[in-house]
Amino acid sequence: MLSTMLRVELVVLAVLALAVVIYAVNRRALQLKYSLLWMVIALALVVTACFPGTVVALTAWAGIETPSNLIFLLAIVGLLGLCFSLSIIVSRQEAKLKRIIQLLSLDQREWKGRDKLHDPEKEED
């Protein structure tokens, strides 16, 4: 089981994490849709601290030897999921940026062509 001090530390950590996430959302440094993941993690910390028997029961159900191993496994899986999600977001942003650059280049080329047609100095030659 978790000691009382560890349980208090987990709750304090979760409250601190929630405060940081809410602050970042309010300052528009973090979008709300990305903040939900961090809020779920903070909620999981609170549930773990308030109901340590849940982690022990999940550990026994999963056939894992110690609760800490289960927590590390869940953390690793969660981080891999987060990395995959961020990779998808970066790929989409890169494709959008490439498309915007292409459109901007075409617009710029079109404007240069118009400038040559309407440039009075070119007509005098």
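Structure values in brief
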| quantity | calculated |
| --- | --- |
| Top-ranked residue of segment 12-30 - restricted to ones that are crowded, with 16+ Cβ neighbours inside 10 Å and in contact (Cβ under 8 Å) with a residue 24 or more places away in the chain, ranked as nearest to residue 68 (Cα to Cα) | 14 |
| Tabulated pairs, segment 47-76, first closer than 17 Å to residue 9 by Cα and of a type outside the set (Asp, Glu), second exposed (fewer than 13 other Cβ atoms within 10 Å of the Cβ) and at pLDDT below 85, C-beta under 6 angstrom, 6+ apart or interchain | 52/1 |
| Residue 80, sole failed condition from (1) loosely packed, with under 13 Cβ neighbours inside 10 Å; (2) assigned to a loop (DSSP other than H, G, I, E, B) | (2) |
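The values are calculated or read from the model by the stated rules, or taken from the named source; none is laboratory data. These figures come from a predicted structure and were not determined experimentally. Ideal geometry is used to build each Cβ from the backbone, glycine not excepted, and the neighbour counts take in all protein chains shown.
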